Structure formats: C-alpha cells, structure tokens
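Only the coordinates and a few stated rules stand behind these numbers; no lab work does. Please read these numbers as outputs of a predicted model, since none were measured by experiment. Cβ: placed from backbone, ideal geometry, glycine included. Neighbour counts: every protein chain shown.
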Amino acid sequence: MIYRYTFGKPFNTESVVNFPSDAKTFTDKAELFPYGKTDLSDGYNFSYVLKESDQIFGLGQTVAGINKRGKVYESWCSDDPYHTEEKKSLYGAHNFIVINSKEDDKTFGLYFDYPGKLVIDAAWSKFDTLTVKAEEPHLDVYIIEPEAKCTKKILSVVEQFRSIIGKSYIPPLWAFGYMQSRWGYGTEQDLQNVYENHKKYGIPLDAIFLDIDYMDGFRDFTINKNNFKDFRAAVKNMKDRNIHIVPIIDAGIKVDPESDIDKEGLKKDFFCKKADGKPFAAGVWPGLSHFTDFLNPKAREWFGSKYKALVDDGIDGFWNDMNEPALFYSEDGLKEAYTEIKKKLSNENPDVYNTWDIKNIILGVQNNMDDYKSFYHRVPSTFAGALAEKQEAESNDGTVLVRHDKIHNLYGCNMTRAAADFFEKNCSDKILMISRASYIGMHRYSGIWTGDNFSWWSHILMLLKQLPSLNMCGFLYTGCDLGGFGCNTSRDLLLRFLSVGIFTPLMRNHSALGTREQECYRFENPEDFRAIVSFRYRLLPYLYSLYQKCVEEGKMYFKPLSFEYPSDPVAQNIEDQLMIGDDLMIAPVYTQNAQGRTVYLPEAMTCVTCGRGTGLDTGKPVMKKLKKGVHFIEVPLNKIVFFIKKGHKIPVAESAMNTAELNLNKTELW
Ligand code: MIG
C-alpha cells in the first residue's frame, strides 16, 4: 500500500513517475500521517519513536552500515573525496528509508521527495528517535507498506517503491565488461598502451575511459589537438579492437569569450545567474566557469545536444563529473577569504590558532554554502511550487526563479538527464552513462560510480554496504573505483577489490593522478589478475540477465542477508556478505593478509572455488556442498569464491577477451 502526503507546495522533482491512480493522497493533513509526528511550525520536522530492535535501511550512497541507525545524515550532493566514517553526505541524495520493526511486525518505507538539504537523524541525538528535518515545509512524503501476508517485508516495500520511481537504466552489454580508467589518460598513445598491455597479458577489456586531460584546456566538448591528431580515427581504431572509449564531461563551462559554447550559453541565457542578473561563475578545472541551468528544460536540451559531436566521433559512453556541482571557489568567496586572511596575517604575534584559522579560511572557500545560495535557476512555474522567488513575477515565458540551494540535489541529476534525453532521441545504440551526483529519478537515465574512494581495505567493506542501499533507491548500474581512487594501491588490495568487482554491474579500475599506477599489468604475475577479470566474463550470462530482471521487476540485485532471511537472527547482523539475485551469495575478503574468512550460510549452499588455468581458461571449479551455519572458507588471492544456493544453478559461459567475442549462448550449468 502506498500513500502520498503533500505538505505545502512542493517543487516537482519528477522522481516519482508511476504513482498509482487509486493510491491515497492527502494534502496538508499532518495529523493523519499514520507513523510518527509531523510538525510544520518551523520548516518540516518529522519524528518517529523507534523500538529497541528497529532497524533503519536505505539512504543509498552514504558512509555507514547497511543498517543506518545511530548516525546523522545530510542529503546534500557533495564533492568530498574523503569518505571517512563521520561523513554525513556523499555525491548522491537518496531520501528513501525503510524502518523494519521486529517487535510488532511493523515495517514501512518513507520517501521524502525534497530537493534541498534534508537532515536525517537516525537515532543519533536521541537513541530511540528518528527525526527528519527540512527548511521548507513544502514536500511530498510517501509511505509504503509491505504487501499483506508477504514474508520478506523489506523487499516488498522496496519493490513497491521502485515501481513508483520507474524502471532503472539498462546499459549496453559491453558496459558489463571490464573497464580501465585513470586520471591522466588523455592521449592516443595512452589508449594504445592500455589496450596493448591488456592484450599482451591476456586480460580482457571492453572500455578505456578518458579523463579531463583529453580536452582542450578542460573545455567540455573539445579535444586537445596535441593529444589526438585525429580523434575520430583513434576512436575507430579502438572500436575495431572491440574497445569502447568513454570520455568525461564536467558540469562547468569555461568562461571564455573565444569559445562557441560559452558564447552561445550566454546569448541564449542558459547559465545560472546571480541576484543581480549577471551569470554566476565559479572556479573548477577549466578555471572560472559558467554553470548551465539544467533545471530549465530548454537549457537542458541545448546542453544535451552538445554530446552530438562526440557521438558523431563514434563515442558511445560518457561519465558526467563535478555535477553536485563542485565549486572550487567563487570570485566573491575568494575576495572575502583574502580579506580575512590579510587581517589574520597582520596579527603581530602569530600563534598556532591564528595559523589554523588561515588554513580553515582557505578550506572554506571550496563548496561553500554562501556560493550555493548566490545563484538562481529559471524553472517552469508549474514546477517551482512555493520555491519560486516571491519578488519575481512570472516572466512571459512561464518561468520563475528558484534559488540554487533549495533544489541543489537536482542539479547533477538533470545534467545527466540532459545527456540521456539526447541519446534517447538521437542514438539507436544504447549509450553507457554514469554520473557522479544523483537524486532518485536519475536511476532511470544512468548509473553512478561511487566517487573518490581510497585504496583502503575498509573501502571494500564500504562498497558492500553501499551496494544494497543504492539498489533500494533504484541505482543498479553502479560500482566503485576498483583498486581505490586516492592513495597508492597494493597488489593484494587490487586483487581483492577486483574479486568483488567481478560481481558489480559497473566494473571499472580507476585511480587518481599521482597515485601508484594500478592497471592489472603493472603488478607481478599478471596471470593472477587475468584469472579474476576473465572470470567476470564467464558470469555475464547470469549477471546481465539478472540485471535486466531486476530492472523489469523492481528487484534488488544485491540484497543484504537480513532482507532475504528476516527470521534468521544471525543473518540480521551480517553486513559483509551479500546475496546476488535469488541464486548466489558472496562473502568477499576485505582484510589484508587474510587467507580466507568466516562465512555464515543462512541455508545449505555449494561453495564454488575457481582459479587460474591456462590462458583464458579459468580451470575447473571446485564445488563443495556446505550445510547451513558458520564455516571458515579459504580464499587465496588469485581465486574466486562464491556460493550457490542448494537446488539452484547458474549458466556459466566460456571467457573471452571482450564482450563482443563472448558467446552468451554457449554456457554450462553450475
Ligand atoms: O576534482 O577528473 O570523481 O573520478 O578522475 C577531481 C578528475 C575531479 C573527480 C572524479 C574522478 C576524476 C577526477 N574528478
């Protein structure tokens, strides 16, 4: 059962697209809200008293457990490369939660469709209370109850939620292949080297990503002519080898009187503006940049059409970055900071506090809230609700101004939608699209990568917790930077990352400029890497069809054990193993030097161990039937270990160097 409570006049985020016509809706009826209390006297405040054993799930992309209880979260798309435990926000804003109550068998979902900052205090301030706070008392709140008599209540809530937000994006099959990326790849030679080395060591590969260096001065939709004599020919050369090239597109457009796109954007009035009517500019990679008003449908269409030049060059995949939007500085912000710093520097008796203040002033320039509050979007008045600026009469094209911070979480989502709308209308082939920032609704247009993780063991575990939470919110095509983005990886860490990555729909090795190079062929015994990566291709008949089924039926691809086995007390506490579809379970190793790990089997399963054979042959699997319960499982670095439920079988293909050479129909059953 689904109910919608509309408070005030919400902004239309378009995240919910299939609200059933016979479902109940209530308008401004806080007193009828069936769970918890709603107070509208000072913004929107919701509170719900939890029982001791209540669990809180959802919230998509966060640094937290699968069970989110005990922490505060802020829904605020943020470019923060330090994914440490105390962080309240990452790049996505995913306001869907499920409260699971064992004591009185009450399980229900809540979706707060609100495009500004939302603070979710999941029993941190008070150990028994969940509170949700928004500045504007204008939002839609959805309540989702499980279907009567179902046994897996959380999954039932998730499926119903997924049905109202619409089907998730399906990438092309090749985007399920192994993909290599690195910040720094920007030349024809880079592509050639990466391709040749994978081939040399027999490591399968389907795509190579280009980071900002392929552009001319970091200008979107341009090519650095020194790096590529003939970009189109380079793309074709790779495609002839079954390698797809995936360039990055950043949100900001360089302020540049010489550039056509900047001139055009200004002329057509498609950039966000400040209160004084001047275009807003902030520093990002290209330097001072303009920001397309993605909330304006015309501007969105215009930006989307810019992808055409690259599509015409043979490009069939993109990654949209910096679209929270990340802001390194604004001119006003810098001026203010310099004034403050000068004051501090004039201190006659320098001390450490004074010095730290200077450091903090500098750090505060980046992604500053004052900047997010300083610019405006032009939105159709029918969408703006109560967020339309009061003083602004509707202009004659039916649009009104909305201040950015109030709809911040929709920015990246609509950048990606701009591209996706263009592909939908103009491309006959499926296009790979991933975005860094997201809001629920964007799952219909693209996947996401989980941003700038580190080469840390704990970040394998973080991924395991993010995957099911993201799936709950519709994001199925997702994965992390395998090997870790920041910091220097190690051989064993990369192998363990890859061993999880072979199961994630997006399987991409990516790392930051200046870190240790982490392509598989950089390490000793590349055949160990070959064993892992080539096994991915063997799993593709199962994984790709499972993916499509999850899209069609609104199901989760990765499920926590607690969702699948709600009455098993041990399963409730396991957050480092995941079910994949209805047939598999994984229990990845995420500890350095561990030769295996303890695994809990919630029912009888077959433990499958595969390893390295000759060439692409990953050898005969060793199958061992195990009973329900706790087992110690050995997992050597170069072996793949997973579990198949008793009575289930999965199709396994022969491996291939890329998906184009993969025979999906020639499979054996394991
Ligand atoms: O400020 O384009 O998350 O994947 O390599 C950093 C450079 C900008 C952040 C992305 C990362 C990408 C990097 N970008």
Original post:
Between their Cα atoms, which of Lys625/Lys666; Lys126/Lys406; Lys24/Lys88 are more than 30 Å away from each other?
Top reply: Lys24/Lys88
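Which of the pairs Lys106/Lys555; Lys9/Lys263; Lys117/Lys425; Lys37/Lys152 have their Cα atoms more than 30 Å apart in this structure? Before the final figure, lay out each step's value.
On the way: Lys106/Lys555 21 Å; Lys9/Lys263 36 Å; Lys117/Lys425 33 Å; Lys37/Lys152 27 Å.
Lys9/Lys263; Lys117/Lys425, as the Cα separations exceed 30 Å there.
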Original post:
Remind me, relative contact order of the range 44-176 in percent, using alpha carbon pairs under 8 angstrom and six or more residues apart?
Top reply: 26 percent
Original post:
Where does each of 432-443, 17-28, 492-503, 537-548 land if you order them by average Cβ count within 10 Å, highest first?
Top reply: 432-443, 492-503, 537-548, 17-28
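Tell me, Ser562, Ser89, Ser469 in order of fewest to most beta-carbon neighbours within 10 Å?
The order, fewest Cβ neighbours first, is Ser89, Ser562, Ser469.
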Original post:
How about the range 267-307: which trypsin sites (Lys or Arg not before Pro) there are in a DSSP loop, with at most 15 other Cβ atoms within 10 Å of their Cβ?
Top reply: Lys268
**OP:** Go through 448-459, 624-635 and give me the packing order, highest mean Cβ count within 10 Å leading.
**Re:** 448-459, 624-635
Original post:
Tell me, what ³J(HN,Hα) does each residue in the range 35-41 have, in order and in whole Hz, if you take phi through Karplus 6.51 cos²θ - 1.76 cosθ + 1.60 with θ = phi - 60° and put x for Gly and Pro?
Top reply: 10, x, 10, 10, 10, 10, 6
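Just rank Cys473, Cys487, fewest to most, by other beta-carbon atoms within 10 angstrom. Could the numbers behind the result be given before it?
Values: Cys473 30, Cys487 17.
By the 10 Å Cβ count, ascending, the order reads Cys487, Cys473.
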**OP:** Go through the range 353-365 residue by residue and turn each phi into a ³J(HN,Hα) via Karplus (6.51, -1.76, 1.60, θ = phi - 60°); whole Hz please, and just put x for glycine and proline.
**Re:** 5, 4, 5, 5, 4, 4, 4, 5, 4, 5, 5, x, 5
Subject >> Over the range 1-105, relative contact order from alpha-carbon pairs under 8 Å, at least 6 apart, % >> reply: 22 percent
Original post:
What is the Rg over Rh value, at two decimals, for the range 414-553, using alpha-carbon atoms and the Kirkwood definition of Rh?
Top reply: 0.99
Original post:
Nearest-5 percent of antiparallel DSSP beta bridges in the chain?
Top reply: 75 percent
Original post:
Under 5 Å between amide H atoms, partner at least 5 residues away or on a different chain: which partners does Phe318 have, H built in plane at 1.01 Å?
Top reply: Leu432, Met433, Ile434
Original post:
Does the range 1-109 classify as rounded, prolate or oblate by the C-alpha gyration tensor (a ≥ b ≥ c root eigenvalues; a/c under 1.5 gives rounded; else a/b over b/c gives prolate, otherwise oblate)?
Top reply: oblate
**OP:** For Lys624, list the lysines whose Cα falls under 22 Å from its own Cα; do not include residues on the same chain fewer than 8 positions away.
**Re:** Lys639, Lys645, Lys646, Lys649
Subject >> Other-chain or far-sequence residues with amide H under 5 Å of Val246's (modelled H) >> reply: Ile208, Phe209, Leu210
Subject >> Cross-link partners of Lys268 among aspartates and glutamates (Cα-Cα below 17 Å; sequence separation of 8 or more within a chain) >> reply: Asp256, Glu258, Asp260, Asp293, Glu301, Asp397
Original post:
Extension gain Asn426-Asn663, at 0.36 nm per residue separation less the Cα-Cα distance, in nm?
Top reply: 82.4 nm
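I need Trp356, Trp124, Trp319 ordered by Cβ neighbour count within 10 Å, fewest first. If you can, show how the numbers build up before the last one.
On the way: Trp356 10, Trp124 15, Trp319 25.
Going from sparsest to densest Cβ surroundings: Trp356, Trp124, Trp319.
Using packing as a proxy for protection, rank 397-409, 571-583 so that the peptide with the highest average count of other Cβ atoms within 10 Å comes first. List each step's numbers first, then the result.
Values: 397-409: 20.5, 571-583: 18.8.
Descending mean neighbour count gives 397-409, 571-583.
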Subject >> Calculated from backbone phi, Karplus (6.51, -1.76, 1.60) coupling profile of the range 23-33 in Hz, x at Gly/Pro >> reply: 6, 7, 10, 10, 10, 6, 10, 3, 5, 8, 4
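Before anything else, pin down the relative contact order of the chain: Cα pairs under 8 Å, at least 6 apart, normalised by residue count, whole percent.
On the way: 1558 pairs, mean separation 97.8, N = 670.
Relative contact order for the chain comes out at 15 percent.
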**OP:** Take the alpha carbon atoms of the range 281-332, find their center, do the same for the range 386-437, and report the distance between the two centers in whole angstrom.
**Re:** 12 Å
Subject >> Qualifying aspartates and glutamates (Cα of each under 16 Å from Cα of Lys628; at least 8 residues distant if same chain) >> reply: Glu564, Asp568, Asp583, Glu603
**OP:** Would you mind checking Lys133/Lys342; Lys430/Lys559; Lys298/Lys549 for any pair whose Cα atoms are more than 32 angstrom apart?
**Re:** Lys133/Lys342; Lys298/Lys549
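Restricting to the range 606-670, compute how many DSSP beta bridges are antiparallel as a %, nearest 5.
Values: 12 of 12 bridges.
The antiparallel fraction comes to roughly 100 percent.
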Subject >> Distance from the range 120-153 to the range 568-630 (C-alpha centre basis), Å >> reply: 33 Å
**OP:** Once you have all Cα-Cα distances for the chain, histogram them in 20 Å bins from zero and send the whole-percent values.
**Re:** 18, 52, 28, 2
Original post:
Separation of the range 481-542 and the range 207-257 by C-alpha centroid, Å?
Top reply: 24 Å
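With runs of 4+ DSSP H residues as the only contributors, calculate the mean residue ellipticity of the chain at 222 nm using -39,500 (n - 2.57) per run, divided by the residue total and rounded to the nearest 500.
Working: 16 runs with 170 residues, N = 670.
After summing the helix terms and dividing by the residues of the chain, the value is -7500 deg cm²/dmol.
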